[in-house]
1. For n ≥ 4 DSSP H runs only, could you compute -39500 (n - 2.57) per run for the chain, divide by its residues and tell me the 222 nm figure to the nearest 500?
2. Enumerate lysine pairs in the chain that are 8 or more residues apart or on different chains, then count those whose Cα atoms are under 28 Å apart.
3. On the principal axes of its Cα set, how long, how wide and how thick is the range 142-208? Give whole Å, largest value first.
4. Please state the charge dipole magnitude for the chain, taken about the Cα centre, from unit charges on C-beta atoms (+1 on K and R, -1 on D and E), reported in debye and rounded to the nearest 20.
5. Using the per-residue mean of other Cβ atoms lying within 10 Å as a proxy for protection, in what order, highest first, do the peptides 67-77, 121-131 fall?
6. Tally Lys/Arg at +1 and Asp/Glu at -1 over every other residue whose Cβ is under 15 Å from the Cβ of Val111; what's the total?
7. If all Cα-Cα distances of the chain are sorted into 10 Å bins from 0 onward, what percent lands in each bin, rounded to whole numbers?
8. In the chain, if the dipole is taken from +1 on Lys/Arg beta carbons and -1 on Asp/Glu beta carbons about the Cα centre, which of Ser188, Pro6, Leu26 is farthest to the positive end?
Amino acid sequence: MMESKPIRVLVVDDHLMVRRGLATFLTAFDDLELVGEAGGGEAAVRLCGEILPDVILMDMVMPEMDGTTATRLIRKKYPQVQVLALTSFKEDKLVQNALQAGAIGYLLKDVSAYELARAIRAAHAGRSTLSPEAAEALVHATSQPLPPKCALTDREQTVLALMVEGLNNTQIAHRLVVSPSTIKSHVSNILTKLGVANRSEAVVLAVRNKLVA
């Protein structure tokens, strides 16, 4: 039986000691591999194009190009690369901006090594991981009443329920025996009807308002 390849990780942070610490952490897990480091957003975008990592650990607050901008550019150019925000800051707006830019998760730097490893694996599998503080920020963002005429079709409710379970589009398509493009269309309709910007906000809103059983 062939062994699965390790998850290739790019570390982006403007502090050398943080990058060194994360590099050391990655060596503790056989299924994770450090393939590059960048000290800023511009370098991250450039290096991403050269090495195409599986997951990027992205600091959010950096001089010149910040993590949100870098995340948006990377997700647009290289949608197969997942970005996991890893930062010291937990302001609501920063969390919302990172997720709207395309980050699949948001963690604070005080996260344990095992929690971070689990989040990297989840990101590689297309599943979101949010720190409690980030989840709370999303609750704040979605605490407003649901928009009018947000009624979902039966199929959209089914798709939303699977999103709440943490499944990505490919997994949902497999579960429902339809094409990923069909699921992508359903997800787009769900986001529009709920008045949210991304999957994470949709999941929080669904749980908060009991939109799924």
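1. Result for the chain, helices only: -15500 deg cm²/dmol.
2. 28
3. 34, 21, 18
4. Numbers: 23 positive and 23 negative charges, 168 e Å.
Dipole magnitude for the chain comes out near 800 debye.
5. Details: 67-77: 20.9, 121-131: 19.3.
Descending mean neighbour count gives 67-77, 121-131.
6. Details: positive: Lys90, Lys109, Arg118, Arg121; negative: Asp13, Asp59, Asp110, Glu115, Glu133.
Counting the neighbours of Val111, the net charge comes to -1.
7. Final binned percentages: 9, 34, 34, 19, 4, 0.
8. Towards the positive end, the residue furthest out is Ser188.
Values in this text are rule-based calculations from the coordinates and carry no lab data. Just so it is clear, the structure is predicted and the values come from calculations on it, not from any experiment. Ideal geometry is used to build each Cβ from the backbone, glycine not excepted, and the neighbour counts take in all protein chains shown.
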